[in-house]
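> Provided herewith is a single structure, encoded as structure tokens, for subsequent inquiry.
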Amino acid sequence: MSGTVLDRIIGSSFTPLGRLRRALRRPAETQVRLLRRLLQRAERTAWGRAHDFARLREHDDLPAAFQDRQPLTGYEDIRSHVDRTRGGEPDVLWPGRTRHFGISSGTVSEGHLIPVSPAMLRAMVRSSLAPGLEYASRRGPGYLGGKILSIPGGVSEDPERPGVWVGEVSGLMAGAVPALLTRHFQAVPRQMMLMEEWDAKLQQIVACAARQDVRAIVMVPSWAPMLFDMLLAGADPGTPAQPTRVRDVWPRLRVFFSGGVALRSYRPILERYLGREVDLIESYSASEGFFAFQDYVQATDLLLHVDSGVFYEFVRLDELGHDRPRRYTVADAEPGVDYALFVSTCSGLWAYGVQDVVRFTSMHPPRLQVVGRTGAILDDYGEALYADEVELALAHAANLTGARCLHHHVTYAPVNGTVIRHEWLLEFEAPPADLAAFTAACDRYLRDHNRHYRIRRDPGVLAAPAPTVLPRGTCLRYLRRARRRLSTQMKLLPVSAGCEVALGLREAARATDDQEPLP
């Protein structure tokens, strides 16, 4: 089949890709129509009545009216509404009852549970097909002639609410994929994909998929090294030589579709296993929705999906925290500016802060890069480790060991092969008698209280944290130096994915009191 004919079929009006291409002809108008539909659907909900959605949606300048009536929100603004929804109350944030919740951070009992309505599940499944169709349009449909190995996150019944399902949004989506597609394309059975226990899940997946003609993989890249190691180690002993790359087992593997965490951190690791013959395609999605995807192999930015059930707003990062910051849309946002992302969705989130920082590279069509997070968080590898969780873990370990920690900074240690670890730079007033026990207590606390951290620590994607004890006075010396360079830094940043603070602390630790006395 010629490329032109194939593109016409894939891009026809009845496919998700064709729908997106039409929407991108007039992205601003598409977004306004979508917002109007969202407000109409939600006008009789508790939230919609409180914010007068029925009257609001009739306004000629709908985005301006919405921004005037609906304030920006964070999780604490909706927590009580989520609790009501989770308890079975209908028509709170979105019409009807919502029985699926994505874990955005923390655990089921303590973390952020994002409602995922049936409408959002349908929108996310539909939107997630666009990257695969676009790839087939540009690179050929050959990968569709074999099996697709999809490894979503686990899903389990809410222990506090029978009939309510909680888990990784990829797992919730997998349960909503039409059975016809699953039977025809999926390399492993659905019940195996949705298993909660990670080791058993991977073992069964490897055993099931190893002898199949896998041509595409869809998964969070942080889980890939363990899967690939198991695949290569478990190869048929009758083969002429032990395989060293994944394509030795799956010779017609064409593409790795990545999502859930930033691909840039894992690209060198994946290329080590897959080689350059396998294309890497990135999607940008979260519990809140499907936002953007890499539409061609060489792209270093992502195409914004403007018709995925999500209305986007953007607040300049330098205005975030102001009482009434200006809120931009795709109609007036500009390339090269760092924006905090806010979304209103068909799950009943309204002007909700995703905590991501994005930067547009183009507006026609809208293309962007994800350049960071608005909060203090380590999430380059999907661990969603917030600064407050680090502080709670330190307090827990100090209580167990009698230590007293004055200052701390957590960052990424240098990569060792395929293993990543966090480095904890600690300055104690009273150090623990056993530093290893102190660090292990911090690690155990985070495993117990942060689901994302645990599912990356348990399989060894994240190695055990590495402690570095700083001499007394190091942080004061660093802060004095830092204030001379960075006038806005008035206290030690608790967590950072970058290396600047850690390098500054090490430099300060090497300085002697004679060379640079403390203030």
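The values are calculated or read from the model by the stated rules, or taken from the named source; none is laboratory data. Everything numeric here is computed off the predicted structure, so don't read it as measured data. A quick note on method: Cβ atoms are made from the backbone with ideal geometry, for glycine too, and the neighbour counts reach across all protein chains shown.
> Would you be able to tell me the number of residues in region 388-399 that are touching a strand residue (DSSP E or B) at 6+ places or on another chain (Cβ under 9 Å) and surrounded by fewer than 18 Cβ atoms within 10 Å (Cβ to Cβ)?
2
> Which one is farthest from the chain's Cα centre (by Cα) among residues in region 427-469 that are of a type in the set (A, V, I, L, M, F, W, C) and assigned to a strand (DSSP E or B)?
Step one: filter region 427-469 for residues of a type in the set (A, V, I, L, M, F, W, C), giving 428, 430, 433, 435-438, 440-442, 446, 455, 461-464, 466, 469.
Still in the list and also assigned to a strand (DSSP E or B): 428, 430, 462, 466, 469.
Working: Phe428: 33, Ala430: 37, Leu462: 16, Ala466: 24, Val469: 31 Å.
Selected residue: Ala430.
> Within region 344-357, is even one residue of a type in the set (Val, Ile, Thr), modelled with pLDDT under 95 and closer than 18 Å to Val261 by Cα? Don't jump to the end; show me each part of the working.
Here is the first cut: in region 344-357, the ones of a type in the set (Val, Ile, Thr) are 345, 354, 357.
With the extra rule that they be modelled with pLDDT under 95, the set shrinks to 354, 357.
Next, only the ones that are closer than 18 Å to Val261 by Cα stay: 354, 357.
Yes: one or more hits.
> What residue, of Leu479, Leu462, Leu425, is more than 30 Å from Met226 (Cβ to Cβ) and either modelled with pLDDT of 90 or more or not assigned by TED's automatic domain parsing to the domain that holds Val220 (or both)?
Going through Leu479, Leu462, Leu425 in turn, just one is more than 30 Å from Met226 (Cβ to Cβ) and either modelled with pLDDT of 90 or more or not assigned by TED's automatic domain parsing to the domain that holds Val220 (or both): Leu479.
> For region 118-159, give me the residue count where each residue is among the charged types (D, E, K, R) and closer than 30 Å to Thr85 by Cβ. It would help to see each step written out before you state the result.
Within region 118-159, the subset among the charged types (D, E, K, R) is 122, 126, 134, 138-139, 147, 157-158.
If we keep only those that are closer than 30 Å to Thr85 by Cβ as well, we get 122, 126, 157-158.
Number of matching residues: 4.
> Output the residues belonging to region 307-330 that are polar (S, T, N, Q) and surrounded by fewer than 22 Cβ atoms within 10 Å (Cβ to Cβ).
Thr329
> Does Leu304 satisfy being in contact with a Lys or Arg (Cβ under 7 Å, 6 or more places away or on another chain) and buried (at least 24 other Cβ atoms within 10 Å of the Cβ)?
yes
> Which of the residues spanning region 263-290 are touching a Phe, Trp or Tyr at 6+ places or on another chain (Cβ under 7 Å) and either assigned to a loop (DSSP other than H, G, I, E, B) or hydroxyl-bearing (Ser, Thr, Tyr) (or both)?
Ser265, Tyr273, Val278, Ser283, Tyr284, Ser285, Glu288
> Yes or no: region 178-192 includes at least one residue that is assigned by TED's automatic domain parsing to the domain that holds Ser283, touching a residue at least 12 places away in the same chain (Cβ under 8 Å) and closer than 22 Å to Val261 by Cα.
No.
> Could you tell me whether region 368-385 includes any residue that is over 18 Å from Leu113 (Cβ atoms) and modelled with pLDDT of 95 or more?
yes
> Considering each of Asp279, Asp332 in turn, give the residue that is under 21 Å from the mean Cα position of the chain (by Cα), at pLDDT 95 or above and among the charged types (D, E, K, R).
After ruling out the rest, the residue left standing is Asp279.
> If I ask for residues that are farther than 20 Å from Ala176 by Cβ and at pLDDT 95 or above, which ones from region 91-113 would you list?
Hits for region 91-113 are Asp91, Val92.
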